[in-house]
Amino acid sequence: MSSVERRPWRRIALVGGPSSAWAAHLLVSYLLVPPACETTSVPLHVTTAVFAVAALTSIVVGVRGVDGDRSRPFAAIVLGAIFVLAILLQGAANAMVDPCA
Amino acid sequence: MTVLETRGDELRETWASPPGLVGFVSAVNHKSIGLRFIVTAFAFLLIGGLEAMLIRTQLIRPENGFLDAEAYNQLFTMHGTTMMFLFAVPMIEGLAMYLVPLMIGTRDLPFPRLNAFGYWCFLLGGVLLNWSFLTGSVPDGGWFAYTPLTGPEYSPTAGIDYWLLGVTFVEIAGVVGALELAVLILRQRAPGMSLLRMPLFVWSILVSSGMMLVAFPAVITASILLELERKLGLPFYDPGAGGNPLLWQHLFWIFGHPEVYIMLLPATGIVSAVVAVHTRRPIVAYELVAAALVAIGIISFGLWVHHMFAVGIPVLAQTLFAVASATIAIPSGIQVFAWLATMLQGRPRWSTPMLYVVGFVVTFVAGGITGVMVAAAPFDWQVHDSFFVVAHFHYVLIGGVLFPIFAGLHHWFPKMVGRVPNEGAGRLSFLLVFVGFHIAFFPQHILGLRGMPRRVYTYGETVGWDGYNAVSTIGSYLLGLGVLVYAYNLWRAWRRGPVAPDDPWGGDGLEWSTASPPEVYNFRELPVVGGRAPRWEPAPVPDNRTASTIAALAAPDGGGRQQLRTTMVAAEPDDAFAVAGPTPWPLGTAVAIGITLVGVLIDHAFLAAVGAILVVAAALRWTSPPGGWRARPETWADLEPPRSRPGGWHGLLLGLVAVACIGGSFLYAYFYLFVTADGWPPSGVGSPGLLLASAAVAAAVAGSVAVGVAGRRTEARTPALLLAGVLGMAALAADALDVADLRFSPSDHAYGAAFVTLRGFAMVVTAVGVLVLGVALRACLRRPGDPWTSAVMQITRLFWLFVAATTVVVWSVLQVTPRVSGGDGGGRPATGSHHSLGIGGGTAGELPR
Ligand code: HEM
Ligand SMILES: [Cu+2]
C-alpha cells in the first residue's frame, strides 16, 4: 500500500482544501459586499488573504503527507494552484469594483 | 477444444441474454443498454434537427406564412428540450455505459438492473414528451419553461404537463445512470488502474456523473412543484398567494449552470481519447488535463452561489460571479493546449474523428470568445434575448458537444458494431456539417447585433434582416444534410460495412483489446494495468493473489455473473461479487411509473393510484438477490473478506445524495418563499402543532436506532427489524393524523403548500424506509448467512440514518421558522436573476417574452 493510502486525511486536504477555500471565499465575499459599502472594504481583503493562505497551507500540508516521492501529487498541486489563482482573481475584483455600485 | 475455449463458452452462457422478445425486454448487459441509449438519443437528434429545419424554413424570408406563431413557439420549445434533455446527456451516458466498462477492464456495470430501468425511464419520458404532438397540446414555454408563463393561468392546456412529466422521467434516468457510472468507475477498475492511470474519458465521466447527481434533482424538484401547482393548486409560483415566479428560475438554473459543463466535460473526454489514438501519442500533460477536468466541475458548482440570495445583487457581487465564470477559462485553456501540443508532437491521421475534433477546437474557441462578449454586462444589455445569443450557444452546443459526439461515435463504431464505417462518406459529412454550421450560425451574430430578437416567428420586410436569414437557413439545410450523410454512413456500415479488426486504429486503451464487437463478458481473463496506455506498454506481471483471483473469475463454475471489485484509489483487488442477470422488472417498474404519470396527466386519480401501487409491487419484485434466490454464493471466487463496503452501499450513498438534493431543493424553495413572502405563516394561521409532529419524529429516530441494533447484533436481527417496522409505521400514522388536521389548506397560501410538500417528502422517505425493512427482513429469513444479506443489512442501516436525518431536519425547519418570523415574515423584495438569456453568462434580467 502506498503512503498516500495510509494518510487519507492529507490527501483529502490536498484535493479538498483549496477548492473549499475558494468556495468559502466566494460565499463570504458575497455576504460581505453590502457591509463593505456601508463601512469599509477591509474585511473583504482580509477574507481574500485568509483563504488564499488557507488554500496554500492545505497544498503544503497535503504534499508533505506524501513522504519521499514529491513529484507524485502533481495533478493535485495543479488543481490547488488553479483555486489559489481563482481566489486571487476574486480578490482583485474586490479591490477594483466599488462595493456600493 | 482447448481449456480457454471451454471457459469462453461457459462465460458466454453465463452472461448471455435470452433470445427473442423476452431477451429484449429483460436485457441488462451494459452493451445492450448502452447501445439502446445511443440509438434512441440519435433518433431524438434527428427529431430535434427536423424541428430546427422547420424553424429555419419559417425564417427564410420575411412575413413567411409557413408556420404560425403558436406552432413556432411549440417547435422551438420542443427543439431545445429534445436537444438538451433527450439527445445530449443520454447520448453521453450511453457512450459511457458502453465504453467505460471496457476501458477500465470489467464485465458489466455494478447495478445492471438499475441501468436497464434508467433506459426505460428515458425512453418512456421521451415518448411522453413527443406524444404531445399527437394530442395537439404541445409544450410551448421555451426549453426552460419559465413561470408564470408555464403556470396554470397562462398555460391552461396540457402541453406544459407533458413537458414537466416527460422531463422528470428523463432526469430520473440521468440520475440513475450517473450513480451507476460513478460507482463503476470508483470500484471496478482493473487491478493496477489507480485513479491517475484512468483514461481521460473516464475522468470526464466521473466528474460529470458527480455533477449530475447534484444538479438534476433541482430541476426534478422545480418540476414537481410546478406540477403540484398546476394540478392541485398549490401556489408555489403564484405571487398572489405568497408564491414567487422567480423561484422557478432559481431552481432551474441551479441545474442549468452545471448542465452546460455536464455535457461539455465528457465531450472533452472524447476529444482527448480521439486525439491520443489518432496522433498515436499519449496526451501531453495528462495530470494537468485531469486536474483541469476536476477544476471545471468544481468551479461550475461555485456559480450556484449567486442563487443563494433572493435579494438584489450589487455590481460587485455580480462581478465575483463573472470572475468565477471566467476562471473556467484557465482549465479549459489547459485542455486546448494539451491537445494542440499532442497533435504537434505526434503524427496526426486526418481521419473522420480527427476532423470533427479539429472542427470542435475551432468552433469551441470561437464560441468561448462570443461567450466572453455575452458575459460582459453592458454588451449583454444590447444582445440580450437576441439572435446573437442563439448563435453563441449553438457555437458552444454544436461545436462543443455535437462535433465531439460525432467524432466519438465514428471512432468507437468499429468496436461497438464490429463494422468499419466509410471514411470518404465520413469526411464528406464533416465538410457539410462544418461548413453548413458556420454558414448557418455566423450570420446570426450579425442579426443579433442588428436587433433581431430570438423566439419571434417572423419579421418585417423593411428591417433589413432578410439576406442574413436566407443565408442562415441555407446553411442550416447544408448542416442537416451533413447529419443525414453521417447517419446514413453509420447505418450502411452497420448493415454491410467491412468487418472491423479488434483494433482498427491502433488504440491505447483496454477497450481495443476486446473483440469487435466485444464478447458478452468483455474479457475472458480480466486485464491487469501498469500504466496509462495499457496497449502501448508491456503488460505488468500480476502478483499471486491477483493472478489467482483472475483465474478464478475466468471460470464462472455456476457462481453467476461474477465481477471483481477493487479499492477506490489504488485499484487493488478487494472482493468478487455477482451481478444480476436478465429480468423484465426494471421495465415493469418504469411502465408502472409511466402509468402513474399518465394518470396525473389526464387528471385520473384512480389510474395514478393504481400506478403508484404497481411501482411498489414491481420494485419489490425486482429486489431479489442477483442470480435469484437459488444462486450459490459459496461458489463465488474466493477472496479474503472485503476490506471495504459492498458496492450497493456506495450506490445507495450516491442515490441518497441525489435524494437529499431533492429534499434540499424543497428546503431551498421553502426558505426562498419564507424570505420573499409577506407573512410567513400568513396571518391567522399560527404556528404548526407540536405534539403529533414530534411524536412522529421520535418514532422515526427510534426506528433508526432499532435498525442499528439489528445491524450489529445478528441474534436480535429479526425482532429488531420488526420493531423498527412498527416504529416506522407509527411515525407515518402520527404524520398522517397531523397533516389531516391542519388548520389551513395547502392551496390557500404558499406557506401551506411548502409545509405540506416538506412533510410529504419526509413521509415518502419514511415509507420507503419501511419497504426497505421488508426487503431486509425477507433476506434475513431466507438467506441468513449470505454476503448479499449482510450487504442488504448495511444498506438498510444507511437508509435509516437518512430517514432519521430527514425527519429531524424537516421537523426543525417547520417548527422553528414560523416561531422566529413572528407570523409576518421577512417580506424582502426579490429581483430577477440574470438568466433570461437561456444559456451562458450574462446579467440583465426580466421575464422572457
Ligand atoms: C441541427 C442544427 C440546429 C439548428 C439549425 C438549430 C436552430 C435553432 C434555432 C433557429 C433556434 C432559435 C429559435 C428562436 O429562438 O427563434 C434554436 C434554439 C435552440 N437550440 Fe438549436 N439548432 C440546431 C441544433 C441544436 C443542438 C445540437 C442543440 C443542443 C445540444 C440545440 C439547442 C437549442 C436550444 C436550447 C434552443 C433554445 C430554445 C428556446 O428558446 O427555448 N440546437 N435552434
Ligand atoms: Cu445563475
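Overview of results
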{"read-out": "³J(HN,Hα), Karplus 6.51/-1.76/1.60, whole Hz, each residue of the range A:30-37, x for Gly, Pro", "value": "3, 5, 8, 4, x, x, 4, 5"}
{"read-out": "Overall form of the protein assembly as shown per C-alpha gyration tensor (a/c, 1.5; a/b vs b/c)", "value": "rounded"}
{"read-out": "Cβ-Cβ FRET estimate between B:Leu344 and A:Trp9, R0 fixed at 45 Å, reported to 0.05", "value": "0.65"}
{"read-out": "The range B:458-529, dipole about Cα centre (Lys/Arg Cβ +1, Asp/Glu Cβ -1), debye to the nearest 20", "value": "340 debye"}
{"read-out": "Fewest-first sequence of B:Lys231, B:Lys415 by Cβ atoms within 10 Å of each Cβ", "value": "B:Lys231, B:Lys415"}
{"read-out": "Chain B: Rg to Rh, with Rh as the Kirkwood radius over Cα pairs", "value": "0.96"}
{"read-out": "Ascending count of other beta-carbon atoms within 10 Å, so fewest first, for A:Cys37, A:Cys100", "value": "A:Cys100, A:Cys37"}
{"read-out": "Rounded if a/c under 1.5, otherwise prolate or oblate - the range B:29-510, Cα gyration tensor axes", "value": "rounded"}
{"read-out": "Spacing of the two label points (7 Å from each Cα toward its C-beta) at B:Ala612 and B:Phe442, in nm", "value": "5.7 nm"}
{"read-out": "B:Val365 paired with B:Ala69, simple spin-label distance in nm, labels 7 Å along Cα-to-beta-carbon", "value": "4.4 nm"}
{"read-out": "Amide H within-cut-off set for B:Asp238, under 5 Å, with H built and near neighbours excluded", "value": "B:Gly243, B:Asn244"}
{"read-out": "Unit charges at the beta carbon, dipole of the protein assembly as shown: most positive-side option, B:Ile60, B:Thr714, B:Ser704", "value": "B:Thr714"}
{"read-out": "Relative contact order of the range A:14-96, pairs being alpha-carbon contacts under 8 Å that are 6 or more residues apart, as %", "value": "47 percent"}
{"read-out": "Cα-centred dipole magnitude for the range B:650-838, charges only on beta-carbon of K, R (+1) and D, E (-1), debye, nearest 20", "value": "680 debye"}
{"read-out": "Relative contact order, percent, the range B:650-838 [alpha-carbon distance under 8 Å, six or more residues apart]", "value": "38 percent"}
{"read-out": "Neighbour-count order for B:Arg427, B:Arg713, fewest beta carbons within 10 angstrom listed first", "value": "B:Arg713, B:Arg427"}
{"read-out": "Table column - 3J(HN,Hα) (Hz), the range B:569-579, Karplus curve with 6.51, -1.76, 1.60, x for Gly and Pro", "value": "9, 8, 6, 8, x, 10, 8, 9, 8, 10, 10"}
{"read-out": "Relative contact order of the range B:1-114, pairs being alpha-carbon contacts under 8 Å that are 6 or more residues apart, as %", "value": "37 percent"}
{"read-out": "Leading residue at positive end of dipole, the range B:650-838 (Cβ point charges), from B:Gln815, B:Ser665, B:Val772", "value": "B:Val772"}
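Rule-based calculations on the coordinates, nothing more; no lab input. This structure is a prediction, so every number in the text was calculated from the model and none was measured. All Cβ positions, glycine included, derive from the backbone under ideal geometry; neighbour counts span all protein chains shown.
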